[in-house]
1. Suppose the chain between Q179 and I235 were pulled fully straight at 0.36 nm per residue; how much longer would it get relative to their current alpha carbon spacing?
2. Using a ≥ b ≥ c from the Cα gyration tensor of segment 1-80 (square roots of the eigenvalues), is it rounded, prolate or oblate, where a/c under 1.5 gives rounded and otherwise the larger of a/b and b/c decides, a/b for prolate?
3. Taking the convex hull of the Cα atoms, report for segment 153-193 its projected area averaged over all directions, in nm².
4. Taking the Cα centre of segment 19-136 as the origin and placing charges on Cβ (Lys, Arg +1; Asp, Glu -1), which of M40, T136, L104 is farthest toward the positive end of the dipole?
5. In percent, how large is the relative contact order of the chain, given Cα pairs closer than 8 Å and 6 or more residues apart?
6. Using Stokes-Einstein with the Kirkwood hydrodynamic radius over Cα pairs, what translational diffusion coefficient do you get for segment 102-172 at 37 °C and a viscosity of 0.692 mPa s, in µm²/s rounded to a whole number?
7. For q = 0.25 Å⁻¹, what log10 I(q)/I(0) does segment 287-328 give under the Debye formula with an equal point scatterer on each alpha carbon and no solvent?
8. Taking every pair of alpha-carbon atoms in segment 122-276, what share in percent sits in each 5 Å bin, from 0 to the bin with the longest distance?
Amino acid sequence: MLFTSYEFLVFFPLIVMMYFLTPIKWRWLLLLAGSCYFYMCWKPEYIVLMMFPSFIDYYAALKMSATPDQAKRKKYLWLSLVTNLGLLFVFKYFNFFNESARALFDYLNLSYAVPMVNLLLPVGISFYTFQTLSYTIDVYRGVIQPERHLGKFSLYITFFPQLVAGPIERSSNLLPQLQSLRSKFDVDRVTDGLRLMLWGFFKKVVIADRLAASVNLVYNNPGEYYGLQIALATIFFAFQIFCDFSGYSDIAIGAAKILGVDLMKNFDKPYSAQSISEFWKRWHISLSTWFKDYVYIPLGGNRTIKWRWYYNLFITFLISGLWHGANWTFVIWGALHGFYLVFALISRP
C-alpha cells in the first residue's frame, strides 16, 4: 500500500479512529495488525521475509543480554548480521553481482554458468533491515536493553508510517514510545500531523510527480534535447527527488504524530547547505546518521591518521551508494560523493 493510493486514504482514517477507541493496553496489537495489513497489501507472503529476521533479532538480543561472555555475545550479533544482510543480498544484490561476474568472465573468455534468480525485491527491505540491525548492534554495545515483549518488538520493525521509506528510526527513540502508547486524542497534535501530511502529499503528488513527467521526457530521449532543455530538466530533477523523498517522509512523520509517536526529522533544507559536508547533515538525516554510527565510526571515523580518515569516509559513501541501488551507477555516485567530501577536507585551510 502506498501513501498516495486511494486504499491508504481509507485505511489511515480507520486506523486512527480504532486507535483512539481501543483500550491503551491493546493499542500495540491494533497497530501491529494494521502494519502487517499495510505491508501485505503489496505481496502477502513477503511478510514472512520481514518477520523471520525479526524473530532472529529478538532471540539474538535476549541471548546477548543474558551472557557477559563477549565471544558468545559476538556470536549472536553475527547471527543477526548474517540473517539480515544475507536476505538483503539475495533479494537485492545477488543478480547485480552475478551479472557483473558474468561480464568479467566473458571479457576473460571464461565460462560462467551461475544462473540469475527471478525474485521480486521486497518493498522497504533496505529500510527495515537497517532499522533492525541498529537494534541488535545497540544491544550488543550495551546502549539499550533488549525488548522482551515480542509483539511490541515486532511493531518496532513493522510500524507502518515509516516501514517502506523511512525515516530509519533508532530503537532508543521508537521502542519506548511503542511500549506505552498512552497518548490521548490531542486536537493540536492531530492538527499538526494532518498539516504535515498534507504538505507531504502536496510535495509528492503536485510537485514531484509533475516534475517527473518533464524530467522523464528529456532523460528518456536525450538525443532530442539540447543545452538549456537538458539543464532545465536537471534542475527539475533536483527538486523532483527532494520533493519525492521529503514529501514521503513528511507524510510518515505526520501520520505517526497523529498516533502519538514522534519520528525523527529526515530533511532540513538540504539545498541551502553551504558545503557538501553540510548537505549530508541535512539530506536523509536518518540514513546519513545510520551510516555514521554503524559504518563510519566503527571503521575508525576521524580519530585516526589522516589517510585512514579519508579512507573511512570514502568507503562509507561507497557503501551508501550501493545501498541506494544494485547498479554500478549508484556505486559510482557514492564514490563521487566520497571523493567530494575527501577533497573538501584536503583543501580545507
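1. Stretched fully, the Q179-I235 segment lengthens by 15.8 nm.
2. oblate
3. Convex hull of Cα atoms, orientation-averaged projection: 3.4 nm².
4. Farthest along the dipole direction, towards plus: T136.
5. About 15 percent, as a whole number.
6. 219 µm²/s
7. Treating every Cα as an identical point scatterer, log10 I(q)/I(0) equals -0.79.
8. 2, 9, 14, 16, 16, 14, 11, 8, 5, 3, 2, 1, 0
The values are calculated or read from the model by the stated rules, or taken from the named source; none is laboratory data. The model shown is predicted, which means the values in this text are computed figures rather than measured ones. For neighbour counting, all protein chains shown are included, and Cβ atoms are generated from backbone atoms with ideal geometry for every residue, glycine included. Please note that ligands, DNA and RNA were not included when accessible areas were found on the heavy atoms of the full protein model with its side chains. Shrake-Rupley method; radii C 1.70, N 1.55, O 1.52, S 1.80 Å.
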